[in-house]
1. Residues with amide H under 5 Å of ILE86's amide H, sequence separation 5 or more or different chain, H placed in the peptide plane at 1.01 Å from N; which?
2. About the Cα centre of region 32-160, what is the dipole size in debye to 20, counting +1 per Lys and Arg Cβ and -1 per Asp and Glu Cβ, all else neutral?
3. Go through (1) 1.30; (2) 0.99; (3) 0.93 and flag the label whose value is the computed Cα Rg over 2.2 N^0.38 Å for this structure.
4. Net charge within 14 Å of ASN254 by Cβ-Cβ distance, Lys/Arg positive one each and Asp/Glu negative one each, not counting ASN254 itself?
5. Counting each DSSP H run of 4 or more residues in the chain as -39500 (n - 2.57), what helix-only mean residue ellipticity at 222 nm follows after dividing by all residues, to the nearest 500 deg cm²/dmol?
6. Considering only DSSP states other than H, G, I, E and B, which GluC sites (Glu not before Pro) in region 208-304 qualify as loop sites with at most 16 other Cβ atoms within 10 Å?
7. What's the angle, to the nearest 10 degrees (0 to 90), between helix 2-32's Cα axis and the longest principal axis of the chain?
8. Beta carbons within 10 angstrom, averaged per residue: use that to sort the peptides 96-109, 157-170, highest first.
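No lab work stands behind these numbers, since they all come straight from the coordinates. From a predicted model like this one, the values you see are computed outputs, not experimental measurements. Quick reminder, even Gly has a Cβ in these numbers, built from the backbone with ideal geometry, and neighbours come from all protein chains shown.
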Amino acid sequence: MSSKFLHLGVVSFCFLFIASFLIAADKDLRSKLVVPAATELQIISTSRGDKIIGTITSVKNDTVHYLTEFGALKLPVSIIDGIENIKKDAFTAGQYWFPNPNATRLYFAPTGRQLKKGEGYFSDYYIFFPGFAYGLTDKFTIGGGMSIFPGLGIDKQMFYLTPKIGLKRSESFNLAAGALVIRIPEMDDEGKDKNNPNPLIGIIYGVTTFGSTNSNFTAGFGFGFVEGEFSKKPMIMLGGEHRISRRLALVTENWLIPGEIDPLISYGVRFFNEKLSVDLALVNILNQDAIFPGIPYLDFVFNF
């Protein structure tokens, strides 16, 4: 008898938990079903997979009165899965341009923009260099990654961390500072430093971005270091992004590195949807040995 009561209690608890979750989700959705500001439009997602652009004019009982460019609609609340408010200026030539999913970076270099709290992405450079970044707060992002060269043990792989702090945030001006810290894998016996088999190298940087997420210019500088010893002259990075259509942007990232290394330039295209972006670019060195048109570059970024 006791086992039956225990089973009944577990089922009841699960039912109450699920019911409370659904009630909370319903309350959260209903709180968003309001008439928007004059500068905003709304996108309603339905259980049928539709996305309808318009504005709520009123909510009466369990019916949403919704005005679209094709006319007025009456939508039962029960079929609405979600609603998103967007600025009217997100439309270009009558087409909705979803937010740039990759506004915090160019190719490898960061921009001055920050991930918001709870936002993040997985990245993969040249297939063998996966990484991640996550917004712990609106002002602090932590990231990192490693190499995954086939046939090599974990001690032969490269690891890196990329903390980043937002110092200024606005629609047209963003400033940030951060670091790239890399653990170099153990070298072979001939080149191995027995006192320090896994040296740390990297760069401490500051970066600023001017413009919108669709068209911007980024400038940054940083000091490289090897085991705590910093370079006397800074590296300089100049780059930018210009969105030319709903799913396509032009991107460039260029480095001036002090010393005997020639300037590096890169240019290419970024394809994207609301969550995924793919960069295809060419990288070159500005000297007489430059390879025309450049060395191919590839990366993938998935936002969550």
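1. Amide H to amide H, under 5 Å and 5 or more residues apart or across chains, ILE86 pairs with LEU41, GLN42, ILE43.
2. Dipole magnitude for region 32-160 comes out near 180 debye.
3. (1)
4. Local charge sum for ASN254: -3.
5. Result for the chain, helices only: -3500 deg cm²/dmol.
6. Of the GluC sites (Glu not before Pro), the ones in loops of region 208-304 whose Cβ has at most 16 other Cβ atoms within 10 Å are GLU227, GLU260, GLU274.
7. Around 80 degrees separate the two axes.
8. Descending mean neighbour count gives 96-109, 157-170.
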